[in-house]
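Peer 1: There's a structure below that I have some questions on.
The values are calculated or read from the model by the stated rules, or taken from the named source; none is laboratory data. What you see is a predicted model; the values in this text were computed from it and never measured. Positions of Cβ are generated from backbone atoms using ideal geometry, with glycine treated the same way; all protein chains shown enter the neighbour counts. In case anyone asks, the SASA skips ligands and DNA or RNA and just uses the protein heavy atoms, side chains included. Shrake-Rupley method; radii C 1.70, N 1.55, O 1.52, S 1.80 Å.
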Amino acid sequence: MAMSRVAAAATGRHRRWGAALAPAAAAAARARAMASWFGHVEPAAKDPILGVTEAFLADPSPDKVNIGVGAYRDDNGRPVVLECVREAERRIAGSTNMEYLPMGGSVKVIDESLKLAYGEDSEFIKDKRIAAVQALSGTGACRLFADFQKRFLPDTQIYIPTPTWANLHPPKIPDLMYFLSHHNIWRDAHVPQRTFTYYHQESRGLDFSGLMDDIKNAPDSSFFLLHACAHNPTGVDPSEEQWREISHQFKVKKHFPFFDMAYQGFASGDPERDAKAIRIFLEDGHQIGCAQSYAKNMGLYGQRAGCLSILCDDEMQAVAVKSQLQQIARPMYSNPPLHGALIVSTILSDPELKNLWLKEVKGMADRIIGMREALKENLERLGSPLSWEHITNQIGMFCYSGMTPEQVDRLTNEFHIYMTRNGRISMAGVTTGNVAYLANAIHEVTKPN
């Protein structure tokens, strides 16, 4: 029997709809199948520093204090944009295009960074012996070097100090031993790691004998990560004489020193003084690597401006090494960002702006040093039986207080003071308005029962 026109039309519509729905159903099925590809992925452990900040922001107490964040604050607890940075931005506004930088970054940033690290009149700069590229701040510089080490010296390992940057007692999960840290950087570059002795818990200072023993006992021609100044997180630096002994022993053992210099100028207020360790190693004839950052000393935290440099045998070797650093950077991020580079190069290449920067970075360092003195004096005035000399003996943004995780918990629960549980105080969060309150709270949780 012939199908009616209405029935035929309905059947046709059904077929057309079915044909249209089939791809959608197939796509949904594929999506369900693909979802299982990532079903095994667990949430990453929370960064302890971010957790401190979140808890601080959620606390309604008017007395709350945040001494956990590693970013500079003024004496009112506010973020700071340096005047030299504001002026640099005024000068570059509308004066440039938005074209890509070369893979190696801004030549001006590199030139000025090398002068800061190696010295204005460095023979190594004049002889073109330094391979250098603009990097994504200090973290990016370290990662580039780690990948370079793995690619061209695959049988080597890196010795990292105990403790080092961002080793903040995370949960006891083996695969999450470290968060964003030196360990994480070299681990992800698949470079084997060892540690060397650095901090002395009882004295809150440098374990120099343990450090020297580990340098001597390491296999010849090992790589060592050294903090050039203002060691993070302890604030403990070797003296000039100790640096000379370290350099001598490196020479004996043929070790390679890689310096992470995140605080040049910010530590003492004098960029030349803060580069002293590097200059000692250069004087002693070492080849070195150096990671530089402009996050702390120019307040360019979000601009990710930095430099990686490696001192080579000669100009030809430097050209080769730089070309390989650029090749490593290419698939990683292609080329570095422009704006921060313009700020840095504008400040450092202009005598007027550079002098203003030197004045401002000294002002930041002096405020931190002043807060160290005030905290120590307040604790002593309260009659604390403990020695707090380490507060002023240490240098830079951080103070390794020696407080236990349990004491830090009491600071948070009883006094609304927020910091990481390893006892690290960010001195940038200490102000004339809260230093007495902070000292009293520390005294209460540390005094003998």
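Peer 1: Work from the charge dipole of the chain (Cβ charges, +1 for Lys and Arg, -1 for Asp and Glu, about the Cα centre) and give the residue of Asn413, Ala436, Ser247 farthest towards its positive end.
Peer 2: Looking along the dipole axis, the top candidate is Asn413.
Peer 1: Which of the pairs Lys108/Lys322; Lys251/Lys276; Lys128/Lys251; Lys296/Lys362 have their Cα atoms more than 20 Å apart in this structure?
Peer 2: Beyond 20 Å: Lys128/Lys251.
Peer 1: Can you compute 3J(HN,Hα) from phi for each residue in region 64-72, using the Karplus curve 6.51 cos²θ - 1.76 cosθ + 1.60 with θ = phi - 60°, rounded to whole Hz and x for Gly and Pro?
Peer 2: 5, 9, 10, 10, x, 7, x, 9, 5
Peer 1: Amide H to amide H, which residues 5 or more places from Gly205 or on other chains are under 5 Å from it, using H placed in the peptide plane?
Peer 2: The answer is His200.
Peer 1: Across bins of 10 angstrom width beginning at 0, how are the C-alpha pair distances of the chain distributed, in whole percent?
Peer 2: All Cα pairs considered, the percentages come to 4, 19, 27, 23, 13, 5, 3, 3, 2, 1, 0.
Peer 1: What FRET efficiency, computed as 1/(1 + (r/R0)^6) with R0 = 45 Å and r the Cβ-Cβ distance, is obtained for Glu377 and Arg91, rounded to the nearest 0.05?
Peer 2: Using R0 = 45 Å, I get an efficiency of 0.60.
Peer 1: Hey, another quick one. Straight-line reach from Lys64: which aspartates and glutamates fall under 19 Å, measuring Cα to Cα and dropping same-chain residues less than 8 apart?
Peer 2: Lys64 reaches Glu54, Asp74, Asp75, Glu406, Asp409, Glu414, Glu444.
Peer 1: Here's a follow-up. Mind listing the long-range amide H neighbours of Phe259? Cut-off is under 5 Å, sequence gap 5 or more, other chains count too, H placed in the peptide plane at 1.01 Å from N.
Peer 2: Answer set, sorted by chain and number: Leu226, Gly289, Cys290, Ala291.
Peer 1: Can you give the accessible area of His443, probe radius 1.4 Å, in Å² rounded to 10?
Peer 2: Surface open to solvent at His443 totals about 20 Å².
Peer 1: Provide the convex hull volume over Cα atoms per residue for region 378-419, in Å³.
Peer 2: Convex hull of Cα atoms, per residue: 95 Å³.
Peer 1: Taking the chain as a Gaussian network, where each spring joins two C-alpha atoms under 10 Å apart, which residue of Ser95, Ser36, Ser221 fluctuates the most?
Peer 2: Judging by the Gaussian network model, the answer is Ser36.
Peer 1: Give me a comma-separated list of calculated 3J(HN,Hα) values for region 100-108, in order, Karplus coefficients 6.51, -1.76, 1.60 applied at θ = phi - 60°, integers in Hz, x for any Gly or Pro.
Peer 2: Per residue, the Karplus-derived 3J(HN,Hα) values read 4, 6, x, 4, x, x, 6, 4, 5 Hz.
Peer 1: Kindly write out, for region 246-254 in residue order, the coupling ³J(HN,Hα) from the Karplus curve 6.51 cos²θ - 1.76 cosθ + 1.60 (θ = phi - 60°), rounded to whole Hz, with x marking Gly and Pro.
Peer 2: Calculated HN-Hα couplings, in order: 4, 4, 4, 5, 4, 5, 4, 8, 6 Hz.
Peer 1: Using a 1.4 Å probe, how large is the accessible area of His200, given in Å² and rounded to the nearest 10?
Peer 2: Taking all protein chains as shown, His200 has close to 60 Å².
Peer 1: Here's something else I'd like to know. Dipole magnitude of region 198-284 about its Cα centre, charges +1 at Lys/Arg Cβ and -1 at Asp/Glu Cβ only, in debye to the nearest 20?
Peer 2: My answer is approximately 180 debye.
Peer 1: Something else about it: For the chain, give the magnitude of the charge dipole about the Cα centre (Cβ charges: +1 Lys/Arg, -1 Asp/Glu; no others), in debye to the nearest 20.
Peer 2: It comes to approximately 2420 debye.
Peer 1: What's the longest piece of the chain with no exposed GluC sites (Glu not before Pro), counting a site as exposed if DSSP puts it in a loop and it has at most 16 other beta carbons within 10 Å?
Peer 2: With GluC sites (Glu not before Pro) excluded where exposed in loops, the chain gives 203-449 as its longest stretch.
Peer 1: Okay, next question. Rolling a 1.4 angstrom probe over the protein chains, ignoring ligands and nucleic acids, what is the accessible area of Ile49 in square angstrom, nearest 10?
Peer 2: 40
Peer 1: What do you get for the angle between helix 5-35 and the principal long axis of the chain? Use alpha-carbon atoms, 0 to 90 degrees, nearest ten.
Peer 2: On a 0 to 90 degree scale, this one is about 20.
Peer 1: Ignoring everything except DSSP H segments at least 4 long, calculate the 222 nm mean residue ellipticity for the chain; use -39,500 (n - 2.57) per segment, divide by total residues, nearest 500.
Peer 2: Result for the chain: -15500 deg cm²/dmol, rounded to the nearest 500.
Peer 1: May I ask you to derive the relative contact order of region 101-349, considering only C-alpha pairs under 8 Å and at least 6 residues apart, and to give it as an integer percent?
Peer 2: Result for region 101-349 is 31 percent.
Peer 1: Turning to a different aspect of this structure: Setting aside same-chain residues fewer than 8 positions from Lys216, which aspartates and glutamates have a Cα under 18 Å from its Cα?
Peer 2: Reachable aspartates and glutamates: Asp207, Glu241, Glu245, Asp284.
Peer 1: Can you give the accessible area per residue of region 101-349, in Å², using a 1.4 Å probe?
Peer 2: 39
Peer 1: Specify which residue in the list Phe256, Pro233, Gln327 is farthest towards the positive end of the charge dipole of the chain, using unit charges on the beta carbon of Lys, Arg (+1) and Asp, Glu (-1), about the Cα centre.
Peer 2: Sorting the options by dipole projection puts first Gln327.
Peer 1: Please give the residues of region 271-303, grouped as numeric ranges, whose backbone N is less than 13 Å from a label point set 7 Å along the Cα-to-Cβ vector of Leu153.
Peer 2: 286-290
Peer 1: Let me ask another. Students often forget the sequence filter, so: which lysines lie under 16 Å Cα-Cα from Lys46 once same-chain residues fewer than 8 apart are removed?
Peer 2: Cα-Cα hits under 16 Å: Lys172.
Peer 1: List the residues, sorted by chain then number, that are 5 or more residues from Tyr159 or on another chain and whose placed amide H is less than 5 Å from its amide H.
Peer 2: Correct list: Arg194, Phe223, Phe224, Leu225.
Peer 1: What longest range of the chain stays clear of loop-exposed trypsin sites (Lys or Arg not before Pro) (DSSP non-H/G/I/E/B, at most 11 other C-beta within 10 angstrom)?
Peer 2: 255-449
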